[in-house]
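Engineer: Got a structure for you, written out below as structure tokens; questions coming shortly.
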Amino acid sequence: QVQLVESGGGLVQAGGSLRLSCVASGSTFTFNTMGWFRQAPGQQRELVAVAPYIGRTNYADSVKDRFIIFRDNAKNAKNTVYLQMNSLKPEDTAVYYCNANGEEGLWGRGTQVTVSS
């Protein structure tokens, strides 16, 4: 069974950086898209960034110029995606979920990111 496993969340001060990682275990094919969503308390889940295997990445306006999404396209790591988060703000606090192949696709269990002011 294919699973997405996130890591790298934690507590950081405003202005700091974190890198999230997501690895798909048990997969033998390459996901068309991999991305990150987040959900803050009391709010709906929202797209943060998405990276197609081939093509341009896409970002939410709120994270443009601060976050970078990238995939490891090495032969043995095609289903690995990272989210480099810089200049973090308290409003970035949320549970971050890794996703593969869109909202009807595969989801990780989430990793908490907390940004203190």
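The values are calculated or read from the model by the stated rules, or taken from the named source; none is laboratory data. Everything numeric in this text was worked out from a predicted model, so none of it was measured. Keep in mind that these areas ignore ligands, DNA and RNA; they rest on the heavy atoms of the full protein, side chains included. Shrake-Rupley method; radii C 1.70, N 1.55, O 1.52, S 1.80 Å.
Engineer: Accessible area of the chain with a 1.4 Å probe: how many percent of it is carbon plus sulfur?
Structural biologist: 46
Engineer: Whenever you get a sec, line up VAL115, VAL50, VAL23 from highest to lowest accessible area (probe 1.4 Å, protein heavy atoms).
Structural biologist: Descending accessible area places them as VAL23, VAL50, VAL115.
Engineer: If each residue of separation counts as 0.36 nm, what is the full-extension length gain between SER25 and SER87 once their alpha-carbon separation is subtracted?
Structural biologist: Difference between extended and current length: 19.3 nm.
Engineer: Given a 1.4 angstrom probe, what's the average accessible area per residue across the chain, in square angstrom?
Structural biologist: 56
Engineer: Tell me, in nm to one decimal, what length is gained between ASN101 and GLN3 on full extension, where the rule is 0.36 nm per residue of separation less the Cα-Cα distance?
Structural biologist: Length difference between fully extended and current span is 34.0 nm.
Engineer: Next up: Based on the alpha-carbon set only, what is the convex hull volume of the range 1-69 divided per residue, in Å³?
Structural biologist: About 120 Å³ per residue, rounded to a whole number.
Engineer: Keeping all protein chains in the complex and leaving out DNA, RNA and ligands, what accessible area do you get for LEU11 with a 1.4 Å probe, in Å² to the nearest 10?
Structural biologist: For LEU11, solvent-accessible area is about 130 Å².
Engineer: Turning to a different aspect of this structure: How are the C-alpha pair distances of the range 75-117 spread across 10 Å bins, as whole percents from the shortest bin up?
Structural biologist: Going out from 0 Å in 10 Å bins, the range 75-117 shows 23, 44, 28, 5, 0 percent.
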